[in-house]
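> Could you have a look at this structure, given as structure tokens, before my questions?
The values are calculated or read from the model by the stated rules, or taken from the named source; none is laboratory data. All values derive from a computational prediction rather than experimental measurement. So basically every Cβ, Gly included, is an ideal-geometry build from the backbone, and we count neighbours across all protein chains shown. In case anyone asks, the SASA skips ligands and DNA or RNA and just uses the protein heavy atoms, side chains included. Shrake-Rupley method; radii C 1.70, N 1.55, O 1.52, S 1.80 Å.
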Amino acid sequence: MRVADLFCLAVGNLRENPLRTALCALSVAVGSGALLLIAAIGLFGQTQLQAALRTIGVSGLTVYLDGHGAGNALSAELANTMEQAITGIDSVMPIKAATGTVRAGHAIENAVFLGADERLGKVMHLEVQAGTLMTAQQAEAAEAVAVVGDELAQRLYGRTNIVGREIRLHLNGRDQYFTVCGVVKSQTGALGSAISSFAPHLVYVPYACLASQQQNADQVFVQCTAESDLDTVSDQIETYLTRRGQVDGTVRVQNMTGMVETIEGMAQLFIAVFLAVGAITLGVALIGVLCSMLAATHEKTEEIGILLAIGAQPRDIRRLFLLQSGLLCMIGGLCGLALASGAIYFFTSMLLDWRIVTSLLVLSVVCGAAAGLLPAVRAARLDPIDAMRN
């Protein structure tokens, strides 16, 4: 039989029972649409997570002391010595933290002040919105300059670019005036609006404004070279500080890059689990297609016998029912994917890659044809005489 004849017969069979056809197509539409929604949500969430991690700016290694006593401290001076002594380190930057408030006019916000230096842009990935990060001259001279986040700038002055404006920092029990030299994308904003509203803002000031080079640093950020192994560098840092630096306390080295990779791996695992749930939904819909095709085979037993009696080959019968189940799933898949794509664009304004939609449509059609394989084989094996007698 010609393909055109098979197509006409398949369409005619679908039109004979419109209610059953509509219900089967609806089940496939729900399954394929749910699969697309889950895939889109997973990809969107992964993109947002990666952007948030980049905004927070964590990478490389962080070094700190656990249980520091009265002995040698993990100071900025020691960190600079460690940078020269250990191969594989590209740059280090000591961090000293203090809490307080930021005031401009009548606006006041809680903040965490982080003492840093000119290496801030090397050890942390900060997105500069306006101005520049502090220079080496400003850091060494302990100039009263500050780098703030765009959310803090918006709350204090009602706009993002506040470079050159003065803010009053209350730290160590007294007020000090600092000039904003740069505005970066808010790091706490990456935590989400619900959390960032309670989280304090981060303000970077010269390290010398908070501590001397010999005082204990809260943490030391370490950026390694591209070809170095982070675990090896971590062991070298611990050995150097414990044996040669003779710091008082237990040295802790955290692989921030590894933590980021672990979080991204967990996100991919969750996406895989959600996709598996969507695949189960589509599988349930295909079971409905299988039952429908089995019922159609039983109802068309006499017509199948007549087709075989007038010269149709068993392979033509198989193709007929495979084409019928494929058309049924293609109609349902097109409707479900179209509705899901429209809903995604309406709520998120995100245009999906056409390759993802096409792949899911092809998957629906192939799975639909697979669901119709058993009824097709069963119909092709009917004896023409027994089929017409039934």
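> Hey, what's the Cα Rg ratio for the chain versus the globular rule of thumb, 2.2 N^0.38 Å?
Taking N as the residue count of the chain, the ratio is 1.56.
> Lys and Arg at +1, Asp and Glu at -1: add these up for the other residues within a Cβ distance under 15 Å of VAL92 and post the number.
-4
> What accessible area per residue, rounded to a whole number of Å², is obtained for the chain using a probe radius of 1.4 Å?
For the chain, the per-residue accessible area is 51 Å².
> OK, next. Mean separation of Cα pairs under 8 Å and 6+ residues apart, divided by the residue count of the chain: what relative contact order is that in percent?
For the chain, the relative contact order is 28 percent.
> Could you work out how much longer the chain between ALA136 and GLN313 gets when fully extended? Use 0.36 nm per residue separation minus the Cα distance between them, nm to one decimal.
55.2 nm
> Still on this structure, please answer the following. In a shell of Cβ-Cβ distance under 15 Å around THR135, excluding THR135 itself, what net charge do Lys and Arg (+1) and Asp and Glu (-1) give?
Charge balance near THR135 sits at -2.
> Here's something else I'd like to know. What angle do you read, to the nearest 10 degrees and between 0 and 90, between the alpha-carbon axis of helix 230-239 and the longest principal axis of the chain?
30 degrees
> Per-residue accessible area for GLU16 at 1.4 Å probe radius, Å² rounded to 10?
We get 120 Å² for GLU16.
> Find out how many positive minus negative residues lie around ASN110, taking Lys and Arg as positive, Asp and Glu as negative, among other residues whose Cβ is under 13 Å from that of ASN110.
That works out to 0.
> Another question, then. Using the alpha-carbon atoms, what tilt in degrees (0 to 90, nearest 10) does helix 314-348 show relative to the longest principal axis of the chain?
So the helix axis and the longest Cα principal axis differ by about 30 degrees.
> Calculated from DSSP H runs of 4 or more alone, at -39500 (n - 2.57) each and per residue, what is the 222 nm mean residue ellipticity of the chain, nearest 500?
Computed mean residue ellipticity for the chain: -18000 deg cm²/dmol.
> Among GLN223, GLN254, GLN176, which one shows the biggest mean-square fluctuation in a GNM of the chain, springs joining Cα atoms closer than 10 Å?
It is GLN176.
> Hey, what angle do you get for helix 354-371 against the long axis of the chain, alpha-carbon based, 0 to 90 degrees rounded to 10?
In the chain, helix 354-371 runs at an angle near 40 degrees to the longest axis.
> Quick check: pseudo-label points 7 Å beyond the Cα along Cα→Cβ at HIS170 and THR99, how many nm apart are they?
It works out to 1.4 nm between the two label points.
> Let me know the whole percent of all Cα-Cα pairs from the range 97-144 that are separated by more than 12 Å.
Here the tail beyond 12 Å accounts for 72 percent of pairs.
> Under a point spin-label approximation (7 Å from Cα along Cα-to-Cβ), what is the VAL112-LEU373 distance to one decimal in nm?
It works out to 5.6 nm between the two label points.
> Once you put a point 7 Å from the Cα of GLU302 and another 7 Å from the Cα of LEU269, both along the Cβ direction, what distance in nm separates them?
Calculated label separation equals 6.0 nm.
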